[in-house]
1. Does F316 meet the test of being surrounded by 14 or more Cβ atoms within 10 Å (Cβ to Cβ) and in a loop (DSSP other than H, G, I, E, B)?
2. Every residue in the stretch 479-521 that is assigned to a strand (DSSP E or B) and touching a Lys or Arg at 6+ places or on another chain (Cβ under 7 Å), please.
3. For the stretch 106-211, list the strands (runs of 3 or more DSSP E) that sit wholly inside it and hold at least 2 residues that are more than 31 Å from the chain's Cα centre (by Cα); which are they?
4. I'd like to know if the stretch 353-367 contains one or more residues that are out of contact with any strand residue (DSSP E or B) (no Cβ under 7 Å at 6 or more places or on another chain) and in a helix (DSSP H, G or I).
5. Give the number of residues within the stretch 151-163 that are small (G, A, S), open to solvent by 50 Å² or more (accessible area, probe 1.4 Å) and in contact with a strand residue (DSSP E or B) (Cβ under 9 Å, 6 or more places away or on another chain).
6. May I ask you to say which residue of P436, P470, P411, P444 is over 21 Å from the mean Cα position of the chain (by Cα), open to solvent by less than 50 Å² (accessible area, probe 1.4 Å) and over 25 Å from H508 (Cβ atoms)?
7. Taking the stretch 575-598, which residues are surrounded by fewer than 17 Cβ atoms within 10 Å (Cβ to Cβ), under 19 Å from H536 (Cα atoms) and small (G, A, S)?
8. For the stretch 90-101, does any single residue satisfy the condition of being in a strand (DSSP E or B), modelled with pLDDT of 95 or more and open to solvent by 70 Å² or more (accessible area, probe 1.4 Å)?
Amino acid sequence: MHNAENAGGLEAAKTEVQRKSLDQREQMDELMRVRHSCAHILATAVLRLWPDALLDIGPPTAEGFYYDFDLPSHRFTPEDFPRIEEEMRKVIKENQVFERSVVTRDEARQHFASRGQRFKVERLADIPEGEPISFYRNGDFTDLCAGPHVMRTGNVKPAAFKLLKVASAYFRGNEKNPQLQRLYGTAFKGKEDLEAWVKQQEEAKRRDHRRIGAEMGLFAFDSDYVGPGLPLWLPKGTVLVEELERLAKETEFAAGYVRVRTPHLAKEKMYVTSGHLPYYAESMFAPMEFKESDSDEAPTRYYLKAMNCPHHHRIFAAEPRSYRDLPLRLAEYGTCYRYEQSGELFGLMRVRSMQMNDAHIYLTPEQFAAEFNAVNEMYLKYFKVFGLDRYLMRFSTHDPSKLGQKFVNEPELWKQTEDMVRDVLKSSGINYVEVPNEAAFYGPKIDVQVWSAIGREFTIATNQVDFAVPKRFGLVYRDRDNSERTPLCIHRAPLGTHERFIGFLIEHYAGNFPLWLAPEQARVLAIGDEPRLLDHARALVAQLRSHGIRAEADLSNNPIKGKIQDAEQARVHTMLVLGARDLDAGVVSVRLHGKGPQGAKPPAEVVASMVEAIRSRSS
């Protein structure tokens with residue numbers, strides 16, 4: 001059994017960056033241009049050192065940049081990094097100009113085919129017809145690239161970049177394609193920024209949810225018997241799951257949600273109707289086929305559910321609906337299954353089984369502003385509970401040129417719903433940015449970005465507006481004039497999935513959870529083994545547990561220093577030290593994890609203060 005996946009050996013690349021549109025490229029800031037240029041400098045250096053290398057792509061990313069190579073004659077290792085970086089600094093010192101030239105598709109194909117660069121030839125197909133095909137040249141190196149870049153290689157500071165790791169990466173992210181070698185790096189505008197980032201990464205390693213999860217006994221993976229990407233929640237991890245569900249259920253009940261439950265699979269017809277099949281098929285587990293009876297000519301196909309919304313749509317359709325029933329808010333912590341490629345699995349952050357804090361709100365257009373604002377207010381409440389001071393809403397809109405391809409062909413509804421979302425975001429004063437061409441296929445969406453305590457960015461949840469799929473399912477309600485109308489639907493999941501959100505919280509708190517969330521809230525530590533002392537320790541544990549406090553006792557023969565050390569390592573929130581003097585004085589000595597002694601207090605006072613802190617979910 002393994003508590004962390006993909007440990008050891010050559011790490012697999014998690015994703016392939018999607019090609020940016022020309023509009024998105026124009027919006028790239030100076031830092032992204034530096035990183036993009038650094039990727040080209042990396043490729044220049046690699047070709048100087050290994051002229052037989054075949055090139056794929058080298059985009060900038062939020063963390064830095066990468067470049068994919070096919071190099072059968074050499075396997076990159078971190079030991080190569082100093083040599084490659086030295087060559088990159090030579091390219092920077094040469095201060096080569098980044099020169100752009102526009103070519104025809106045939107000229108580009110001939111250029112790369114004549115040099116045996118077959119991956120570049122295939123990438124030509126990614127460039128839409130009508131979009132200019134451009135080369136960027138620096139020195140002797142020419143790449144298929146739409147830009148943009150800095151003016152010269154010398155604009156990249158030689159002390160402000162760093163190669164980070166090597167990973168395996170399938171061409172186009174498909175396991176059926178050749179496996180390439182991906183070199184990851186990062187670059188900044190100055191040396192100080194790079195040094196600060198390196199320190200942040202070192203702290204992130206210390207807070208790695210996989211390591212802390214193993215130390216605390218929160219979850220495990222069993223690839224041999226259960227399967228990759230299918231987490232097993234251990235007792236202490238299950239505490240986190242149940243506390244988050246309790247928070248969500250209380251919050252949603254107060255907001256007028258009703259809870260539902262749905263099965264873990266459905267007929268193929270469900271996902272064809274929703275539009276997820278065939279377009280989402282690669283992310284779904286392979287279907288199961290059954291004959292319901294011997295007389296059936298063909299078997300019926302069933303799929304494990306990859307999303308909860310189609311099931312909720314069928315719940316809406318199960319009964320006649322009136323405008324008086326709306327808004328109808330259906331909530332479920334539903335389990336979904338998605339076939340992430342093995343190379344993309346990463347602890348709790350990328351899994352194949354997930355429990356989602358899902359809900360779907362069915363409403364009239366007139367109700368949209370109030371409901372969407374209420375969802376945003378729910379996010380803000382959760383941010384406060386978890387001490388998240390920095391957040392951003394990424395409002396993703398459609399590209400009108402891709403209607404009927406990437407997006408549902410309903411131009412008027414797209415404009416209407418995007419205007420409604422934009423108006424709500426502006427009027428509520430929520431911090432947001434607008435991102436074109438990244439909406440869901442059925443409507444605009446908002447990705448919620450948060451930053452952990454050490455400044456690392458995470459996407460934890462998504463809001464989506466759906467004006468298309470309810471119509472596909474024939475969902476209707478009777479309006480005031482007795483006419484049938486199709487409801488709008490808001491998809492929302494403020495706490496995301498248990499897996500990703502708990503992975504984030506482990507890093508955010510470094511495993512030092514607030515009292516209400518701590519798997520072990522209190523541990524009574526007895527000094528010595530005097531019978532009356534042990535009896536009182538057991539009674540104190542019983543008193544704590546009678547108030548719903550997760551408490552244990554350490555009644556071992558270990559010295560008290562050892563007991564305290566064990567409790568600290570286990571990240572027990574509150575330690576109650578009980579010795580003969582404490583017993584005679586009618587008190588316990590209180591210690592908090594990471595904060596040390598808090599003084600001696602009567603047990604009843606300690607219990608009361610803990611109960612209140614848990615009730616209020618104070619940090």
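1. So F316 does not fit the description; no.
2. Within the stretch 479-521, E484 is the sole residue that qualifies.
3. On the way: elements: 133-138, 141-144, 161-170, 179-187.
In the stretch 106-211, the matching strands (runs of 3 or more DSSP E) lie at 133-138, 141-144.
4. Yes, the stretch 353-367 contains a residue that is out of contact with any strand residue (DSSP E or B) (no Cβ under 7 Å at 6 or more places or on another chain) and in a helix (DSSP H, G or I).
5. Number of matching residues: 0.
6. Within the list P436, P470, P411, P444, the selection yields P470.
7. Within the stretch 575-598, the subset surrounded by fewer than 17 Cβ atoms within 10 Å (Cβ to Cβ) is 580-581, 584-586, 592, 594-598.
Filter again for under 19 Å from H536 (Cα atoms), leaving 580-581, 584-586.
If the condition is that a residue be surrounded by fewer than 17 Cβ atoms within 10 Å (Cβ to Cβ), under 19 Å from H536 (Cα atoms) and small (G, A, S), then A580, A585, G586 are the ones that fit.
8. Scanning the stretch 90-101 turns up at least one residue that is in a strand (DSSP E or B), modelled with pLDDT of 95 or more and open to solvent by 70 Å² or more (accessible area, probe 1.4 Å).
The values are calculated or read from the model by the stated rules, or taken from the named source; none is laboratory data. Just so it is clear, the structure is predicted and the values come from calculations on it, not from any experiment. Neighbour counts run over all protein chains shown; Cβ positions are idealised from the backbone, glycine included. What goes into the accessible areas is simple: the full protein's heavy atoms, side chains included, and nothing from ligands, DNA or RNA. Shrake-Rupley method; radii C 1.70, N 1.55, O 1.52, S 1.80 Å.
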